[in-house]
Amino acid sequence: DGDGNVTLAHQYSLEQLKYSPEPHRTNHQVATLEAMLCEYNVSMCQQSHYHFRIAAFATYQHVTKFRGENLERTAKMKCLHSKLQLGEWATNNENPMAPSGGLAAASNVLHPFTPPYPNNTREDLSISSGIYVNSLDGVYDIVGPDGVIISNAKSTAKDGDCTVLLQNGDFYVNLADNLFPPQPNAQGPVPLRGAPRATIEKDTKVLSLVQFAGTAFYHWMAESLPKLIYFRQTFPDAEQYKLLIRAKGSLKSASALPKFVRASLKMLMIDVETEVIGYDVNSGVTIDSRGPTSDLAAVTWDPAPCPREEFHAKITERRMCASLPPAEALISARRVITELGRSHATFAVPPSPYVLVISRGSAVSSRSLNTTLVADMLREQAAKHIDLLDDSEIDETVPRGAAPLATPRKSVTGRQKPKEVTVMEFRDDDHILADAWNLFRGASLIVGPHGGALANIMACEEGKTTVLEVGFSTVAAQQYKHMSISLGLRYRKLISGPDRLRRALNSPSVIARPEVIVNNAVELLLEQLGEDKAVRKTQIPPGPKRVQQPPSAPVEPELTVESQHSRKPAKSLDDERIATLDDEEEEYEDDDDEGDL
């Protein structure tokens, strides 16, 4: 609930590791805490990735041992094939991680990708090496909240296949929660969950979209929906496959699936009651995919490294970030999403240019930010700066937003400056999904705190939108930077610094001064409109000096700036224009600054 002391929790978890004989869940807890502490101490970033892998492989080794003992007792054989597999599942003798049995030949779909900007490299874009459409032939169990796939016990007794397949592209999945009964670490062997209670009848072709948080909005927009679109674009007879999606109860109930999932499927002309199979995380499901009329398919991809981060310039190794899909998957999905938003929208968008300020609503306290105040201030300042624009300096030689910020531009007459900029406060509950997509598609600038609503940038067209995120630098919060760069959008992040309890991504609020956000937003808006040479005669005055806060109160952190195109540290930017908080750094003390950036 955001009230805990993460630093102390990390220390206690490390102590617990010393006494836990089978520390599957504890390693995952340690890794999660380190992903949060990575916000303030970069050494924690790699430690987090290490402990996530340790947690996954410790669980996998226990599963193999447990199933092997059962095989010896019941079938007088051992696990002949045993791998923990993510990314490509197909048999590949050159890949030491590939399973050696139980899998049909998968179609390895690889596409060359040209970065949207000349100064971005493949490494900058965090492109993974492939997208894989895997087809399984056999009897398999899908278990746990994240849809981990293992061979059915009867099938294992026949061919000794103990392979564990992950549908996610990384090791952040808590395998212990998927494969073991819900219980804390205990002495002695931990039993497995047991056989699934649900069965999909034979002669059914199934595409599994069950994965970590697969029906949460970001993961649906950036992972599950792109998987579905990619599968239908590349796989033969894809429309014959029913979709396996995590659901709560009967699909006839409106609450079984989130509204945005139903809306997405409806726009894709997929009937929920006849073409979707609900997946119950508590019961799991067994699928018999043997024979020419049966199949179990899943789209997977390789892990992706984090995007480059200027504020961590001293870090040379590439860290692994959570839930970053390949650029090609995002781009292919964007083409469909953009058209669906355009064709199903119920109202016309405002005239261009317009700005969206995202509000997550009062129901989401973990990302509280006074977006109404930000929108009001931005509306006033945008009007003042638009009045200063000179028609003759509006650029038409370069597609809007299609060049790096630092690229000099020539002035060409012919395009009139906009008369006004519309600033809208966007609340996702106020719009159906198609209208949200259509709004984001035409926005010149999108401003918002880190959160699921930003995933609507999947509808933004290349080069026409700038994204300003108020968020975090941890490896667990790089999704929207990766998405923006992959889709060819301009991007900048204002990074909220640490509070006293080191809660980072789980802190109760995103702390940011509205004038800092607005100054950055106006600067980015002018750049997006092609006006880099405007004379800024009006500047928002800085807020009042902060008084020193008592030790028990959280400290309002300094904001740093991260930009997609700039390789300069934040302090080299125009301090007057972006109104950083450097001048006020001496107004408060932080008693616990060890490891801070």
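The values are calculated or read from the model by the stated rules, or taken from the named source; none is laboratory data. Computed from a predicted model, the values in this text were never measured in an experiment. All Cβ positions, glycine included, derive from the backbone under ideal geometry; neighbour counts span all protein chains shown. Quick note on the areas: whole protein, heavy atoms, side chains included, nothing else; ligands and nucleic acids left out. Shrake-Rupley method; radii C 1.70, N 1.55, O 1.52, S 1.80 Å.
Kindly check whether there is at least one residue in region 425-435 that is at pLDDT below 90 and touching a Pro at 6+ places or on another chain (Cβ under 6 Å).
No, region 425-435 contains no residue that is at pLDDT below 90 and touching a Pro at 6+ places or on another chain (Cβ under 6 Å).
Just give me the residues in region 237-265 being part of a loop (DSSP other than H, G, I, E, B) and either among the small types (Gly, Ala, Ser) or under 16 Å from Ile131 (Cβ atoms) (or both), in sequence order.
Selection gives Ala247, Gly249, Ser250, Ser253, Ala254, Ser255, Ala256.
Checking Arg400 against (1) at pLDDT below 75; (2) within 23 Å of Ile485 (Cα to Cα); (3) among the charged types (D, E, K, R); (4) touching a strand residue (DSSP E or B) at 6+ places or on another chain (Cβ under 7 Å), which single condition isn't satisfied?
So Arg400 meets the others, but not (4).
Could you give every pair whose Cβ atoms fall below 8 Å, whose first residue belongs to region 156-180 and is within 13 Å of Pro145 (Cα to Cα), and whose second residue is assigned to a helix (DSSP H, G or I) and of a type in the set (Ser, Thr, Tyr), counting only separations of at least 6 or pairs across chains?
From region 156-180, the pairs are Leu175/Thr59; Leu175/Tyr60; Ala176/Thr59; Leu179/Thr59; Phe180/Thr59.
What are the residues in region 266-275 that are assigned to a helix (DSSP H, G or I), of a type in the set (Val, Ile, Thr) and open to solvent by less than 30 Å² (accessible area, probe 1.4 Å), if any?
Val272
Keeping to region 39-77, report how many residues are within 25 Å of Cys306 (Cα to Cα), among the aromatic types (Phe, Trp, Tyr) and in contact (Cβ under 8 Å) with a residue 24 or more places away in the chain.
Of the residues in that region, 3 qualify.
Which ones in region 210-242 are buried (at least 20 other Cβ atoms within 10 Å of the Cβ) and without any contact (Cβ under 8 Å) to a residue 40 or more places away in the chain?
Ser224
Are any residues in region 359-376 under 21 Å from the mean Cα position of the chain (by Cα) and modelled with pLDDT of 85 or more, and if so, which ones?
Answer for region 359-376, where residues must be under 21 Å from the mean Cα position of the chain (by Cα) and modelled with pLDDT of 85 or more: just Ser359.
Test Leu494 against the stated conditions and say whether it is buried (at least 24 other Cβ atoms within 10 Å of the Cβ) and outside any loop (DSSP other than H, G, I, E, B).
yes
Give just the number: which of (1) at pLDDT 95 or above; (2) within 21 Å of Glu88 (Cα to Cα); (3) surrounded by fewer than 24 Cβ atoms within 10 Å (Cβ to Cβ); (4) charged (D, E, K, R) does Asp170 not satisfy?
Status for Asp170: all satisfied but (1).
Checking Pro307 against (1) within 18 Å of His482 (Cβ to Cβ); (2) modelled with pLDDT of 75 or more; (3) not in a loop (DSSP other than H, G, I, E, B): exactly one of these is not met. Which one?
With respect to (1) within 18 Å of His482 (Cβ to Cβ); (2) modelled with pLDDT of 75 or more; (3) not in a loop (DSSP other than H, G, I, E, B), Pro307 is out only on (3).
Hey, among the residues in region 1-52 that are outside any helix (DSSP H, G or I) and under 21 Å from Asn178 (Cβ atoms), which one's modelled with the lowest pLDDT?
Ranking the candidates gives Pro21 first.
Would you confirm, using the coordinates I've provided, whether Arg335 is open to solvent by 20 Å² or more (accessible area, probe 1.4 Å), modelled with pLDDT of 95 or more and either not in a strand (DSSP E or B) or not charged (D, E, K, R) (or both)?
yes
Conditions (1) at negative phi; (2) open to solvent by 30 Å² or more (accessible area, probe 1.4 Å); (3) at pLDDT 85 or above, marked per residue:
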{"residue": "Thr59", "(1), (2), (3)": "yes, no, yes"}
{"residue": "Lys76", "(1), (2), (3)": "no, yes, no"}
{"residue": "Thr91", "(1), (2), (3)": "yes, yes, no"}
{"residue": "His111", "(1), (2), (3)": "yes, yes, no"}
{"residue": "Asp124", "(1), (2), (3)": "yes, no, no"}
{"residue": "Asp137", "(1), (2), (3)": "yes, yes, no"}
{"residue": "Gly147", "(1), (2), (3)": "no, no, yes"}
{"residue": "Ser151", "(1), (2), (3)": "yes, no, yes"}
